[in-house]
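Worksheet: one structure, shown below.
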Amino acid sequence: MSTLEERCAAELQGLGLTALEATIYLHLARSPRSTGYRVAHALGKPTANVYAALESLRKKGAIVVEAGESRVFRALPADTLQRVLEEKFRERTGRLGEVLAQWRQGADDAGVYQLAEPEQVYAQAHAMLRKAKTVVLADLFPGPLARLSGGLEKAAARGLTAAVLAYEPAALEGVEVVMGHRGADVIARWPGQWISLVVDGSEYLIALLSADGSSVVHSTWTRSPHLAWVHHSALCGDMIATRLTAALEQGESAATVRTLARRLDRQWRARDAEGYKRLLGETKAAAPAARKRRA
């Protein structure tokens, strides 16, 4: 079993510090107002290496130097260091987004990919929601719904059709929430957290996370218009059936249910969605090519 010091050092290295920098930071946290020489002597490290690491830590915002000839160092408190690293990370990712936006991207492909980390799953889901143009359908367990609710509401605020199949009562501004049958039973039966998201019938993401959300059990992401439209149609049909069943159970008349069915089919089926258009275009383009090969 690792010691507390080893766990702290590992977390610091995960945030961009070298092994020596992490060791020096932890030493200064318990022995503030130390000179570089004293740090090197206490750790048994070459003085030149320690001074180079101290300067790097200062530039990274992890330590501060007392003014004066002695140049004594101290580590920033843990909560302050956390905020410093968060701000630096936001700044760097912002710059990264700016420069990568100028980099020529290859055309979208129809490959089917797996996402290995929960952070990848949620980042891809939010990216899909930001790019959505016409319709967003989702089937989300409570944990993922909480993580994606803001993105869903922003998509709806842009005028998109947005609907989510939920398993606990939820209220999302501009988003139509469909309560799943026996939501509590479904959650109890599944040992993990379910995510299913399709945008514009053109791109879909499904994932099963562990119960605590810390790992990915299974995941699939693709921009294949064929697979995405099939998934869109299946999720649309499931949500319509769930909504109509609820209306019948509430005693709505047959006429009311028929009207509701037509509205939901028109809104959620979204036959003007990008994925449907892409799929039709590919199908039409394939026909002349097939005739040419036969000729």
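Descriptive notes on the structure:
- The set of residues in region 61-84 that are out of contact with any helix residue (DSSP H, G or I) (no Cβ under 9 Å at 6 or more places or on another chain) and within 21 Å of VAL39 (Cβ to Cβ) comprises GLU66, ALA67, GLY68, GLU69, SER70, THR80, VAL84.
- Within region 108-161, the residues that satisfy the criterion of being in a helix (DSSP H, G or I), farther than 22 Å from ASP272 by Cα and not small (Gly, Ala, Ser) are PRO118, GLU119, GLN120, VAL121, TYR122, GLN124, HIS126, PRO142, PRO144, LEU145, ARG147, LEU148.
- Check on GLU5, in a helix (DSSP H, G or I), acidic (Asp, Glu) and under 27 Å from ALA123 (Cα atoms): no
- Checking region 233-246 against the condition returns no match, with no residue being part of a loop (DSSP other than H, G, I, E, B) and surrounded by 12 or more Cβ atoms within 10 Å (Cβ to Cβ).
- Residue under evaluation GLU87, criteria (1) assigned to a loop (DSSP other than H, G, I, E, B); (2) closer than 30 Å to LEU20 by Cβ, criterion not met: (1)
- Failed item, numbered, when VAL64 is tested on (1) out of contact with any Leu (no Cβ under 8 Å at 6 or more places or on another chain); (2) modelled with pLDDT under 95: (1)
- Test for ARG269: is it among the basic types (Lys, Arg), out of contact with any strand residue (DSSP E or B) (no Cβ under 7 Å at 6 or more places or on another chain), modelled with pLDDT of 85 or more and under 29 Å from ALA132 (Cβ atoms): no
- Only one of VAL186, VAL198 that is at pLDDT below 95, touching a Phe, Trp or Tyr at 6+ places or on another chain (Cβ under 7 Å) and in the same structural domain as LEU280 (by TED's automatic domain parsing): VAL186
- THR242 being closer than 27 Å to GLY281 by Cβ and touching a strand residue (DSSP E or B) at 6+ places or on another chain (Cβ under 7 Å): no
- Within region 162-207, tally of residues that are free of Cβ contacts under 8 Å to residues at least 12 places away in the same chain and not in a helix (DSSP H, G or I): 3
- Test: residue in region 104-121 that is among the aromatic types (Phe, Trp, Tyr) and more than 21 Å from the chain's Cα centre (by Cα): no
- If the condition is being without any contact (Cβ under 8 Å) to a residue 60 or more places away in the chain and acidic (Asp, Glu), then region 212-248 contributes only ASP212.
- Of the residues examined, GLY159 is not one that is of a type outside the set (Phe, Trp, Tyr), over 20 Å from ILE240 (Cα atoms) and touching a residue at least 40 places away in the same chain (Cβ under 8 Å).
- A single entry from GLY213, GLY192 fulfils the requirement of being farther than 22 Å from LYS277 by Cα and out of contact with any helix residue (DSSP H, G or I) (no Cβ under 6 Å at 6 or more places or on another chain): GLY192.
- Residue in region 63-72 that is touching a Phe, Trp or Tyr at 6+ places or on another chain (Cβ under 6 Å) and either free of Cβ contacts under 8 Å to residues at least 60 places away in the same chain or assigned to a helix (DSSP H, G or I) (or both) present: yes
The values are calculated or read from the model by the stated rules, or taken from the named source; none is laboratory data. This one's a predicted model, so the numbers in the text were calculated from it and none came from an experiment. Counting neighbours? That spans all protein chains shown, and the Cβs are built from the backbone with ideal geometry, glycine included.
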